[in-house]
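None of the figures in this text is laboratory data; all of them are computed from the coordinates on show. Quantities reported herein were computed from a predicted structural model and do not represent experimental measurements. Neighbour counts run over all protein chains shown; Cβ positions are idealised from the backbone, glycine included.
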Amino acid sequence: MNTLLQMIGIEKSFSGVKVLKGVDFTVGEGEIHGLMGENGAGKSTLIKILTGVYPGNSGVIRMNGKEIFINSRSDAMANGISVIYQELSLIPTLTVMENIFLGQELTFGKVFLKKKEMHRRAEQLIEKCRFDIKPDDLVETLCVAKRQTVEIMKSLLLNAKLIIMDEPTASLNAAESENLFKIIRNLKSQGTSIVYISHRLEEIYAMVDRLTILRDGAVVGVLPREQIDPVTVVRMMIGKCLDCAEHTVHDAASEAAVLEVTNLCSETLLDHVSFRAYGGQILGIGGLVGSGRSEVLRSIFGLDHYTEGSIRYNGEALPRSAREVSRYGIGLVPEDRRNEGLIPLLNIVENMALPNYDQLYETAFVSGKRERQLGMRGIESLSIRPGDPNIRCINLSGGNQQKVVISKWLQRKDLKVLLVDEPTAGIDVGAKAEIYEIMRRLANQGCIVIVVTSDVEELIKIADQILIMVDGKVFQQMRNENLTQDDILLAASRIKRKEPDHAN
């Protein structure tokens, strides 16, 4: 196999903290090369150096044996390097077609756009990828999963020699993911190289030819496919083995708090949704993308308007405004963390404080000391890295941004209900275990925890009760006892294998 990319001795420091320590990274022609590591291990920094976002402090980059210098995204594109970042770079008010061709528009001369030609090529690409979108759809009207497909198409349009995919399936359902895998294999067969970054070991094993593992800014191993197994990879990533205890179903106590949703309807999707969630249990909500899972959480939190039905906590009707709901002790970790979960230009402490200002007042003023203490507690509770409270969240990796969004709600002393939408999207295996443990601890303390996830394995691992939604309705609710992934997938496809269990 001929070598396409060589990165040799790459080093990078931020504010005196070395985040890459002489990293060597090599990708062959027509190779799918995996890149794994915990959040903060240096994956994103390495890729940003390769694509011109950050300058490296030292090191050499070569393409086809020739040294290249990358100081901007244009330099990367000129050298045949394209990237799909974990955080999307779309313009919401433009159409799918306009986003796909942004910066590479087809024109007559230098003034007039070849709109018909761009529309035709966009349709061809959509048909090839079998994505459920149209060229004229406004991106702001698309769910996160469909926005991800637009980002993928932008990269495919470039016909790049090397495509970097950073958590490309984080917001895709099983069918969409499988379509993406087919596209990747087809690109490989045509000689295109792929750098595939994912925290999902099953994807890495199924897709990659080799895997490079980073820990604390250094390469700890490069494994050929036949040597990739979960125990080895996890041990190399985090320096230890994780215990894999069997899931135990927790029952709600007779005096447990209860959140009751009754006949919830919305103009666009929800259709008489009813269920109960109890303190002491984790309620998992599954179903395909677009089934209404996220809309239920947003309605409870007061972000989405519902036309009929009621939402009650211990018999008391909840307010319909997000501000009042949050003051009531209810928190939401949204699916789109970057645009809805935090303010990227604020630092960690300021983001942690956002839902907690009512607890930070001293007379008429916010206590800066309390604010900083709250931020430091949040950093320590989820091992956010770097642990600098003054670092802006835009400079954190995607996984550490997710930790900030979760941790800010954990600082509320009166937290009664935590609503979590895709809790571990872009999160490494070590941090996943931490987040699962925190959600279980909250439930054990009497908090009501409701989790929406597209990861069926995750749903079975953490939930005590599982509710499956189809087309805005509750299709089935099951006690998570001896359930299999097949049971969940069949229910999401409108097929009942087990009878619903309505026990607490």
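Extent along the principal axes, Cα only, for segment 217-370: 56, 43, 36 Å, with the longest axis given first. A simple charge model with +1 on the Cβ of Lys and Arg, -1 on the Cβ of Asp and Glu and nothing else charged puts the dipole of segment 47-137 at about 300 debye relative to its Cα centre. Close amide H pairs (under 5 Å, H built 1.01 Å from N) link GLU308 with CYS265, residues at least 5 positions away or on another chain. Full extension of the chain between ALA175 and ASN159 gives 3.4 nm of extra length, using 0.36 nm per residue less the Cα-Cα distance.
Note on segment 128-242: Cα-only Rg and Dmax are 15.9, 49 Å.
Modelled spin-label separation between ARG370 and LEU138, with each label point placed 7 Å from Cα along the Cα-to-Cβ direction: 4.1 nm. Cα gyration tensor of segment 282-430, axes a ≥ b ≥ c as square roots of the eigenvalues: rounded (a/c below 1.5), prolate (a/b > b/c) or oblate? Oblate, because a/c is 1.5 or more while a/b does not exceed b/c.
Shape class of segment 183-236 from the alpha-carbon gyration tensor: prolate, with a/c at 1.5 or above and a/b greater than b/c.
Rounded to the nearest 20 debye, the dipole size of the chain about its Cα centre is 1240 debye, using +1 on the Cβ of Lys and Arg and -1 on the Cβ of Asp and Glu. Over the chain, DSSP H runs of length four or greater, each weighted -39,500 (n - 2.57), average out per residue to a 222 nm ellipticity of -9000 deg cm²/dmol. Multiplying the residue separation of ARG312 and GLU255 by 0.36 nm and subtracting their alpha-carbon distance yields 18.9 nm.
For the chain, the antiparallel share of DSSP beta bridges with both residues in that region comes to about 55%.
Gap in Å between the Cα centre of segment 296-366 and the Cα centre of segment 465-488? When both Cα centres are located, 27 Å separates them. Here the spin labels are modelled as points 7 Å beyond Cα on the Cα-Cβ line, and at PHE108 and HIS272 they lie 5.6 nm apart. Pairwise alpha-carbon distances in segment 390-504 exceed 26 Å for 27% of all pairs. Across segment 1-135, Cα pairs under 8 Å and at least six residues apart give a relative contact order of 19 percent. Using modelled amide H (1.01 Å from N, peptide plane; none on Pro or chain starts), what sits under 5 Å from the amide H of THR3, excluding residues fewer than 5 places away? Under 5 Å from the amide H of THR3 lie the amide H atoms of GLU29, each far enough along the sequence or on another chain.
Amide H contacts under 5 Å for LEU113: PHE108, restricted to partners 5 or more places along the chain or on a different chain, H placed in the peptide plane at 1.01 Å from N.
Computed over the chain, relative contact order equals 16 percent, with contacts defined as Cα pairs under 8 Å that lie 6+ residues apart. Here r is the Cβ-Cβ distance between ARG392 and ILE91 and R0 is 35 Å; the resulting FRET efficiency, rounded to 0.05, is 0.95. A viscosity of 0.890 mPa s and a temperature of 25 °C, combined with the Kirkwood radius over C-alpha pairs in the Stokes-Einstein formula, give segment 3-238 a diffusion coefficient of 132 µm²/s.
Classified by the C-alpha gyration tensor, segment 330-413 has a prolate form. Its axis ratio a/c, with a ≥ b ≥ c, is 1.5 or above, and a/b is larger than b/c. For segment 50-111 versus segment 409-445, the spacing of their alpha-carbon centroids is 36 Å.
The value obtained for segment 116-161, namely the Cα convex hull volume divided by the number of residues, is 74 Å³ per residue.
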